[in-house]
Amino acid sequence: MNIQQLDAHLTNQIAAGEVVERPSSVVKELVENSLDANANKIQLDVLQGGRELIRIRDNGDGIHPEDLPLALLPHATSKIKTLSDLEKVMSLGFRGEALASIAAIARVELTSCFRGESHGYHVSAADGDISAVKPQAHPVGTTVAIKDLFYNTPARRKFLKTIKTEFSHIETIMQRLALSHFATSFELIHDSKVIFNLPSAHQLAQKEKRLAQLLGKEFMQHALAIEFISAGMKLWGWIAEPIFNRSQADMQFFYINNRFVRDKLLNHALRQAYHDVMFNNRFPAFILYLEIDPSIVDVNVHPTKHEVRFRDTRLVHDFVFSGVHDALKSLKPAAATPVMIAPSPEPMHYATMPRHQPSMPFMVQEQMTAYKALHQPVEQVEVIQKEEKPQDHPLGNAIAQLHDIYILSQNQQGLVIVDMHAAHERILYEKLKLQHQQHQIALQHLLVPMGVELNREEMNAWHTLQNHLQALGIMTDAVGPESIVVRSVPILIKEATIPALIHDVLADAISDEETHRLEEQINHTLATMACHAALRAHHRLSLIEMDAILRKMEVTENSGQCNHGRPTWTQISMMELDKLFLRGR
């Protein structure tokens, strides 16, 4: 087949395939245009899941009558003037291909009144033809009507899903946009039925009301508002307590400068932040906003603009991780209002663990000292004074033990029920982590250095990471062009897993991802030790011992969940108890 230049109509349809995947793609492009035009009121009217009609009305700045025909041409935009503008993009749309691409596969009617004009103007496009501009009555703002989507490309229309499915995608797009532009009111209508009507929200209470409407009241009941500022960046929003988790990542919203993104780096930072407090097969819920200098983030790396690239990936990763991790650490009973920077952990009163002796294996020694700490004489436990009242402590004072499994405590709000094993497991785990950090990494020197064969890419990555590995306790040397030997490793790492660990760490480096595999293995070992050393069910405690556990929970990070993500305690209020027994009726 000879090379030939495609005609403009076919080229536009191919370009439309990159922009318009389904009706929701049209909605995204046009509503983003309305937001970029400073609209604070947007109405979307849809028929038949967007197949027959998508009409968007806004009260934005409008389009100048001379610009109306230009708006329908490829790569025509008012948002980018020079190449340097791409280095600091703040608008949602900027490529200038949306309306032209849509006009290639649908009938478009565009009516707009430019701010300051007495009336509006109308223009239409279909099959590559653009009509003449005509005056038409219209308030300040713009109305865009998209009719008969894919009418001239029946093959693509045939691949559309059911009306219900296509509309669900539209609703998702509107939800994402409404969650990032609180000052704008949104109305969504499908087949003459109002799906939602969200008034503008400026105050915190109004914003949280919108969140409850879109994400559900249960999310807001478990939501923690956070704000974290550092290194010229700001992270704010809401994260759900670990107890409110999902079977899939369907309630995760992350915005960079108000642009919704899906980014592997950010997802990894958030998974790491929730790592210690959630089951491995569950997903956290959050809605977070990252405000960052636009010159250090590239949003022009993918046609959908969902993916981004950061100039300093490590800085952004650590910033997001720290913001969320520190907020989760503050989720302990003592914190009425969670703070962003968690206080330094206090020494443990009733289970102080001495440094392990070099003559005894680390894991055995730690388990023994942890076990011994549980059986100290009562005199060594911090005694609760009798004159203290329940309201003196967030978790109150212990009053009984239920089936030698649960601690029952009375506080100012009512009844507190604590899972004895889960709570003690978290306390021991956090103490082991702190001890491990303070005493650095205990090493075991291999009697016979272990050889590990690498490929060329892995060897290049090893040269870069050698010092990092050494700082983590993995001492390695090159013994050939594509082979190394391991001379020592952290004592918490099983010798049989060393080769796989080395390959995994280097694979992370090759794929330009943060590597936390070594830390994850060490934390997994510490968690296992804490689980085995923690109080077991049917272990009877005195009231003093129970109170000691409650006091330590109040100052222990992440004490709301055990190491496996299960809740450690729950509160039953007096109102709930009164309702249970029909008191006051």
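Structure notes:
- Euclidean distance between Cα centres, the range 48-70 to the range 520-585, Å: 56
- Cβ-Cβ FRET estimate between residue 295 and residue 448, R0 fixed at 45 Å, reported to 0.05: 0.30
- Neighbour counting of Cβ atoms within 10 Å sorts the residues 274, 289, 429, fewest neighbours leading, into 289, 274, 429.
- For the range 250-267, backbone phi angles converted through the Karplus equation (6.51, -1.76, 1.60; θ = phi - 60°) give residue-by-residue couplings of 8, 10, 10, 10, 10, 10, 10, 6, 6, 9, 5, 9, 10, 9, 4, 4, 5, 4 Hz, Gly and Pro being listed as x.
- Using the Cβ-Cβ distance between residue 279 and residue 470 with R0 set to 25 Å, the FRET efficiency works out to roughly 0.15.
- Linear extension gain, residue 118 paired with residue 203, 0.36 nm per residue minus alpha-carbon span: 27.2 nm
- As a calculated quantity, the FRET efficiency between residue 127 and residue 463 at R0 = 41 Å, using C-beta atoms, amounts to about 0.10.
- Gyration tensor (alpha-carbon) shape descriptor, the range 133-177, a/c threshold 1.5: oblate
- Among the listed pairs 552/579; 217/264; 134/164; 41/264; 209/234; 158/217, those with a Cα-Cα distance over 27 Å are 552/579; 217/264; 134/164; 41/264; 158/217.
- Each residue, residue 537 and residue 48, gets one label point 7 Å from its Cα in the Cβ direction; the gap between the two is 5.9 nm.
- With the simple spin-label model, which puts each label point 7 Å out from Cα in the Cβ direction, the residue 564 to residue 109 separation comes to 6.2 nm.
- Extension gain, residue 3 to residue 582, is 200.1 nm, computed as 0.36 nm per intervening residue step minus the present C-alpha separation.
- ³J(HN,Hα) computed for each position of the range 276-286 - Karplus, 6.51 cos²θ - 1.76 cosθ + 1.60, integer Hz, glycine/proline x: 7, 10, 8, 4, 4, 9, 10, 10, x, 10, 6
- Fewest neighbouring Cβ atoms within 10 Å first, the residues 25, 322, 559 line up as 322, 25, 559.
- Per-residue ³J(HN,Hα) for the range 129-142, Karplus 6.51 cos²θ - 1.76 cosθ + 1.60, θ = phi - 60°, Hz, x for Gly and Pro: 9, 10, 6, 6, 6, 10, x, 7, 5, 6, x, 4, x, 9
- Annotation: amide H of residue 190 within the under-5 Å range of 46, 195, sequence separation 5 or more or interchain, hydrogens built in the peptide plane.
- Placed amide H near residue 444: partners under 5 Å, 5+ positions off or other chain: 489, 491
- Under 5 Å, built H, 5+ apart or other chain: amide partners of residue 562: 568
- Stretching residue 73 away from residue 41 to a fully extended chain increases their span by 8.9 nm, per 0.36 nm per residue minus the current alpha-carbon distance.
- Each of 430, 458, 52, 227 has some number of other Cβ atoms within 10 Å of its Cβ, and from fewest to most they run 227, 52, 458, 430.
Taken together, the values in this text are just the output of simple stated rules run on the coordinates, not laboratory data. Computed from a prediction, not measured in an experiment: that's the story for all the values here. Positions of Cβ are generated from backbone atoms using ideal geometry, with glycine treated the same way; all protein chains shown enter the neighbour counts.
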